[in-house]
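Working notes for the structure below.
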Amino acid sequence: MNIIFRKAANADIPQLIEMRKGYMRETHTELTEDILFEIADKSKGYFQEHLNRDCIVYLAVDEDTDTVAACIFFLLINKPASPLFLTGKTGTLMNVFTIKEYRRMGLAKKLVSMAIEDGRRWDLSYIELRSTKDGYPLYKSLDFVEDRSIYMSMKLPLGD
């Protein structure tokens, strides 16, 4: 097995969509195939507009089979500086996903480490994520800390 680590290109968009669907099948088991199809359709336009601009996707690819074995999505956010993010630049990791036959090989750790290295180079104030129970030990091993804040996380759902 020969794994290469790289950033995704526009030609990878179909594989990114499949990896995102795989992630959602595992983390949102209630989703129907119709909903997954709709998400995939909207994701294509998103990637066409944002990939390698404010969304960087890191891939672990098995060169022997041309299989995308693992991926992470790294969203770059610019906002006015504040005491919580002095540079005004932050990052969000999401959809950290490894297909089953490639798990426990350190692929996700390598991809997250690549994102951390880039985040430092881009002068991000911090990188945030929402962890699953399975992913928690990985992020702790990479020095992520639980977010403690005077603010309460809230959202206002505007759609379905």
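Odds and ends about this structure:
- Being touching a residue at least 60 places away in the same chain (Cβ under 8 Å), within 17 Å of E26 (Cβ to Cβ) and open to solvent by 50 Å² or more (accessible area, probe 1.4 Å) is a condition met by no residue of the range 64-76.
- Filter result for D134 (open to solvent by 50 Å² or more (accessible area, probe 1.4 Å) and either among the acidic types (D, E) or under 14 Å from the mean Cα position of the chain (by Cα) (or both)): yes
- Filter result (charged (D, E, K, R) and open to solvent by less than 100 Å² (accessible area, probe 1.4 Å)) within the range 115-131: D118, D123, E128
- Applying the condition of being among the aliphatic types (A, V, I, L, M) and part of a helix (DSSP H, G or I) to the range 78-114 and asking which residue is most open to solvent (accessible area, probe 1.4 Å) yields M114.
Here is a yes/no grid of residues against (1) in a strand (DSSP E or B); (2) within 22 Å of G135 (Cβ to Cβ); (3) in contact with a strand residue (DSSP E or B) (Cβ under 7 Å, 6 or more places away or on another chain):
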{"site": "R25", "(1), (2), (3)": "no, yes, no"}
{"site": "D34", "(1), (2), (3)": "no, no, no"}
{"site": "K42", "(1), (2), (3)": "no, no, no"}
{"site": "Q48", "(1), (2), (3)": "no, no, no"}
{"site": "A69", "(1), (2), (3)": "yes, yes, yes"}
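- In the range 137-159, residue nearest to A81 (Cα to Cα) [restricted to those that are among the hydroxyl-bearing types (S, T, Y) and open to solvent by 100 Å² or more (accessible area, probe 1.4 Å)]: Y151
- Test: I56 is touching a residue at least 60 places away in the same chain (Cβ under 8 Å), in contact with a strand residue (DSSP E or B) (Cβ under 8 Å, 6 or more places away or on another chain), open to solvent by less than 40 Å² (accessible area, probe 1.4 Å) and over 14 Å from A8 (Cβ atoms): no
- Test for Y23: is it under 22 Å from R104 (Cβ atoms), in contact with a Phe, Trp or Tyr (Cβ under 6 Å, 6 or more places away or on another chain) and of a type in the set (F, W, Y): yes
The values are calculated or read from the model by the stated rules, or taken from the named source; none is laboratory data. Everything numeric here is computed off the predicted structure, so don't read it as measured data. Cβ coordinates were reconstructed from backbone atoms using ideal geometry, including for glycine residues, and neighbour counts include every protein chain displayed. Accessible surface areas use protein heavy atoms only, side chains included; no ligands, DNA or RNA. Shrake-Rupley method; radii C 1.70, N 1.55, O 1.52, S 1.80 Å.
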